[in-house]
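Notes follow the structure.
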Amino acid sequence: MGNQYLLEVNELKTVFSSESGPVTAVDGVTFNVKHGEVLGLVGESGCGKSVTAESIMRLLNEKHTKYDGEINFNGRNLLSLTNEEMLGIRGNKISMIFQDAMTSLNPVYTIGDQIAETIMIHQKMKKKEAYNKAIDMLKLTGIPSPEKRIHEYPHEISGGMRQRVMIAMALSCKPSLLIADEPTTALDVTIQAQILDVINELKEELNMGVIMITHDLGVVAEVCTRVVVMYLGQVIEEADVDTLFSSPLHPYTKGLLKSIPKIDGDRNKKLHTINGVVPSLNNIPNGCRFAPRCTYATEECLNEAPLLQVIKDNQKVRCWNYRQLLKEEVQNNATTII
Amino acid sequence: MELKTTAIDNVNISKLKNKTKLERRRLLVKRFLFNKSVLIGTIILLFLTLFALFAPLITPHSPLAMENANRLQPPSSEHWFGTDNFGRDLFSRVANGAQVSLTVGLSVAVITAIVGLIIGLYASYYSLLDHILMRVCDALMAFPDILLAVAIMAVLGPQPVNVVIAVTLAKIPVVARVVRSSSLVVKEQTYIEALKSQGASSWRIIWKHILPNILSPLIVQVTYIFAIAIILEASLSFLGAGIPAPNPSWGNILLDGKIVIFNASWMTIFPGMFIVFAVLGLNLFGDGLRDLLDPHSNKSIK
């Protein structure tokens, strides 16, 4: 049963030590990723998406960071591995693509050098083989005439191209898990669509699991199969993508969905917003973490923290009042059908 | 699923690579020639190097041979730069002094560059090491250079090698600081994090990825260190704590000339002129290099 998952994150807790005391950036996050699945990790800025990803890669400065819980990858707990063992996993078994393609490449080397370097470290290949492999990878990501491109420096190619190079580099060792941290945020929509297509195709081809970190729900709808919504370091809702968009059960998710501007919307109508801002991690509300901003909040919400409950097949939510939302959704759906 | 490895026309690739290489080299030469200060600096340094290498060979006089009859002679066709208070040929002494000064300067520049680079890189990467090394550097920098160098010379004894050691020790903290501050910036770049996420070891990140990004400030700094080392060596020798007599160096020729400055000004003028030229050349060269290597100050010359 446990082996069907590629990655199991179990009650992950990431605590930073800061001058004003410990700060819990990720608090008991649990989710799984299967082979060939794209898991979306969504939430506002500062909700712990990126920290979760960096915890999986163990990229955080361990002098100031404490982990708790388990991250099982292919049956091995990544949190208990030594640094040397992690070096063999990063880039080889798990790869990461960063948001900022503009600065993710070293300006002093050609892109061929940089892709080949990773291949040479992990696959123990000769330089020539590694270069040929790099050309193949670039071709795979849809870069035209890669044999010319590999001799160019990062400043000579465009942002979309650079992101493709990053993807080629991340996938060059055929990792079984790809973590994409807002891979398309810095790109314009046409390039964005191309990049997402590339990730989707390669996912099929290599049968890898993908964690797609984003705050763009359009991206989620486009590529993800399942979605985890995070708020202030916790998972507040998890569902497959269709369920999440058709019947969100957490007021926060609902608010997020309502806030998307519609292309045929009324120009004069104000967009829906969620009131307030994400509270600071030093000042976490006692009860439900979302309660101070929630329109459904009751006395219970302010005093007692809800747990992540399994509602129906493959939908979990952390809310006291999900039944009310469920009822509303049913009514809404009924009216739209009529 | 297996990715197909395509056979690539290797000849074609190497041709292409050569073409871009040639293009880059052409651009570099052009930018070099357009940069007046680096051009003038290079010419001065080239002249000084040739002078140091060949001048001692073309003069018939030994720098140490004393001719009591010819003391304090003004410049003439026999003695181009005149003679000093022991009747030694000044041209020969200045030429040999050029060898000494340039050798000391170059050795100091190379050694401080290497040691400062290692200290700076590791200090920037490991924060505990940073605290320790930077406090040591602070302590060394708290002394005035010349005082520190004199103290070290007093301990080690007057030997040319010791001059190099003394000046190097005084200048390592400067280089280490420059390297550290530049690599702190590079270290926080996304591409370093991206490299970590690809499983690069710290060794590889430090030497293969941070180092090439900080080379230009290092090179510029090292040319200035070269110039400062020449001045420091001359100062030490002038104070009698540097190159020991009777071996010539620009500094101790100045010292010999000090007493007779009103009677035999050529003893002060010639070595002094060479010190000025060497330092001017190096500073122009360094300034020019900074402009050449800094991508932000590039004037677009295509």
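I'd like to check something: does the range A:100-109 contain any residue that is assigned to a helix (DSSP H, G or I), facing chain B (nearest Cβ under 10 Å), of a type in the set (A, V, I, L, M, F, W, C) and surrounded by fewer than 18 Cβ atoms within 10 Å (Cβ to Cβ)?
Yes; the residues of the range A:100-109 include at least one that is assigned to a helix (DSSP H, G or I), facing chain B (nearest Cβ under 10 Å), of a type in the set (A, V, I, L, M, F, W, C) and surrounded by fewer than 18 Cβ atoms within 10 Å (Cβ to Cβ).
Can we say A:THR24 is assigned to a helix (DSSP H, G or I), farther than 17 Å from A:PRO175 by Cβ and under 20 Å from the mean Cα position of the chain (by Cα)?
No, not satisfied.
From A:GLN315, A:GLN324, which residue is touching a residue at least 12 places away in the same chain (Cβ under 8 Å), among the polar types (S, T, N, Q) and in contact with a helix residue (DSSP H, G or I) (Cβ under 7 Å, 6 or more places away or on another chain)?
A:GLN315
Please note which helices (runs of 4 or more DSSP H) are completely contained in the range A:222-338 and include at least 2 residues that are surrounded by fewer than 14 Cβ atoms within 10 Å (Cβ to Cβ).
Because the criterion is at least 2 residues that are surrounded by fewer than 14 Cβ atoms within 10 Å (Cβ to Cβ), the helices (runs of 4 or more DSSP H) in the range A:222-338 that meet it are A:241-246, A:299-303, A:322-337.
Of the residues that sit in the range B:160-185 and are over 19 Å from the mean Cα position of the chain (by Cα) and surrounded by fewer than 21 Cβ atoms within 10 Å (Cβ to Cβ), which one is nearest to the other protein chains (Cβ to nearest Cβ)?
Once the filter is applied, the top-ranked residue is B:VAL185.
When only residues in the range A:181-210 that are outside any helix (DSSP H, G or I) and out of contact with any Phe, Trp or Tyr (no Cβ under 9 Å at 6 or more places or on another chain) count, which is surrounded by the most Cβ atoms within 10 Å (Cβ to Cβ)?
A:THR184
Against the condition assigned to a helix (DSSP H, G or I), in contact with a Cys (Cβ under 6 Å, 6 or more places away or on another chain) and of a type in the set (Gly, Ala, Ser), how does B:ALA170 come out, does it pass?
no
I'd like the residue in the range B:253-270 that is free of Cβ contacts under 8 Å to residues at least 60 places away in the same chain and not hydroxyl-bearing (Ser, Thr, Tyr) and, out of all such residues, is nearest to B:HIS79 (Cα to Cα). Talk me through it step by step, then tell me what you get.
Let us first name the residues in the range B:253-270 that are free of Cβ contacts under 8 Å to residues at least 60 places away in the same chain, namely B:254-255, B:258, B:261-262, B:265, B:268-269.
Within this subset, residues satisfying the condition of being not hydroxyl-bearing (Ser, Thr, Tyr) are B:254-255, B:258, B:261-262, B:269.
On the way: B:LEU254: 18, B:LEU255: 20, B:LYS258: 20, B:ILE261: 18, B:PHE262: 19, B:ILE269: 15 Å.
If we take residues in the range B:253-270 being free of Cβ contacts under 8 Å to residues at least 60 places away in the same chain and not hydroxyl-bearing (Ser, Thr, Tyr), then B:ILE269 is nearest to B:HIS79 (Cα to Cα).
Can you tell me which condition A:MET161 does not meet? The list is (1) closer than 23 Å to A:GLU205 by Cβ; (2) crowded, with 21+ Cβ neighbours inside 10 Å; (3) within 11 Å of chain B (Cβ to nearest Cβ), and all the others hold.
Status for A:MET161: all satisfied but (3).
Looking at the range B:187-199, which of the residues that are within 7 Å of chain A (Cβ to nearest Cβ) and within 14 Å of A:MET169 (Cα to Cα) is nearest to the chain's Cα centre (by Cα)?
B:TYR191
Test of understanding: among A:ILE191, A:ILE213, A:ILE179, which residue is at pLDDT below 85 and of a type outside the set (S, T, N, Q)? Quick ask: steps written out before the conclusion?
Numbers: A:ILE213 fails: at pLDDT below 85; A:ILE179 fails: at pLDDT below 85.
From the options A:ILE191, A:ILE213, A:ILE179, the qualifying one is A:ILE191.
If the requirement is being free of Cβ contacts under 8 Å to residues at least 60 places away in the same chain, crowded, with 17+ Cβ neighbours inside 10 Å and among the β-branched types (Val, Ile, Thr), which of these qualifies: A:ILE89, A:ILE71?
Numbers: A:ILE71 fails: free of Cβ contacts under 8 Å to residues at least 60 places away in the same chain.
Exactly one of A:ILE89, A:ILE71 is free of Cβ contacts under 8 Å to residues at least 60 places away in the same chain, crowded, with 17+ Cβ neighbours inside 10 Å and among the β-branched types (Val, Ile, Thr), namely A:ILE89.
Collect the residues in the range B:124-152 that are farther than 21 Å from B:VAL167 by Cα and either touching a residue at least 60 places away in the same chain (Cβ under 8 Å) or within 23 Å of the chain's Cα centre (by Cα) (or both), keeping them in residue-number order.
B:SER124, B:TYR125
Looking only at residues that are among the β-branched types (Val, Ile, Thr) and part of a loop (DSSP other than H, G, I, E, B) in the range A:112-147, which one is farthest from the other protein chains (Cβ to nearest Cβ)?
For the range A:112-147, the residue satisfying everything is A:ILE143.
State whether the residues of the range A:134-144 include one that is out of contact with any Phe, Trp or Tyr (no Cβ under 7 Å at 6 or more places or on another chain), surrounded by fewer than 20 Cβ atoms within 10 Å (Cβ to Cβ) and in contact (Cβ under 8 Å) with a residue 12 or more places away in the chain. Give the steps one after another, and end with the answer.
Initial filter on the range A:134-144 (out of contact with any Phe, Trp or Tyr (no Cβ under 7 Å at 6 or more places or on another chain)): A:134-144.
Okay, now just the ones that are also surrounded by fewer than 20 Cβ atoms within 10 Å (Cβ to Cβ), so A:136, A:139, A:142, A:144.
Filter again for in contact (Cβ under 8 Å) with a residue 12 or more places away in the chain, leaving A:142.
Yes, that holds for at least one residue.
Based on what the data block shows, is A:ILE150 without any contact (Cβ under 8 Å) to a residue 40 or more places away in the chain, surrounded by 21 or more Cβ atoms within 10 Å (Cβ to Cβ), within 11 Å of chain B (Cβ to nearest Cβ) and aliphatic (A, V, I, L, M)?
No, not satisfied.
More than 30 Å from B:ASP291 (Cβ to Cβ), among the charged types (D, E, K, R) and touching an Asp or Glu at 6+ places or on another chain (Cβ under 9 Å): does that describe B:ARG204?
When the stated conditions are applied, B:ARG204 passes them.
Between residues in the range A:173-191 that are in contact (Cβ under 8 Å) with a residue 12 or more places away in the chain and residues that are surrounded by 19 or more Cβ atoms within 10 Å (Cβ to Cβ) and of a type in the set (Asp, Glu), which pairs lie under 8 Å by C-beta distance while being six or more apart or on different chains?
The qualifying pairs are A:ALA186/A:ASP100.
So A:TYR67 clears everything in (1) more than 8 Å from chain B (Cβ to nearest Cβ); (2) not in a strand (DSSP E or B) except one condition, right? Which one?
Every condition holds for A:TYR67 apart from (2).
Take the range A:27-64 and flag every residue that is in a loop (DSSP other than H, G, I, E, B), charged (D, E, K, R) and closer than 27 Å to A:GLY276 by Cα.
Once the filter is applied, which keeps residues that are in a loop (DSSP other than H, G, I, E, B), charged (D, E, K, R) and closer than 27 Å to A:GLY276 by Cα, the range A:27-64 yields only A:GLU44.
Surrounded by 15 or more Cβ atoms within 10 Å (Cβ to Cβ), in contact with a helix residue (DSSP H, G or I) (Cβ under 8 Å, 6 or more places away or on another chain), in contact (Cβ under 8 Å) with a residue 12 or more places away in the chain and under 30 Å from B:ASP291 (Cα atoms): is that true of B:VAL94 in this structure?
no
The values are calculated or read from the model by the stated rules, or taken from the named source; none is laboratory data. Small disclaimer: the values here were computed from a predicted structure and weren't measured. Ideal geometry is used to build each Cβ from the backbone, glycine not excepted, and the neighbour counts take in all protein chains shown.
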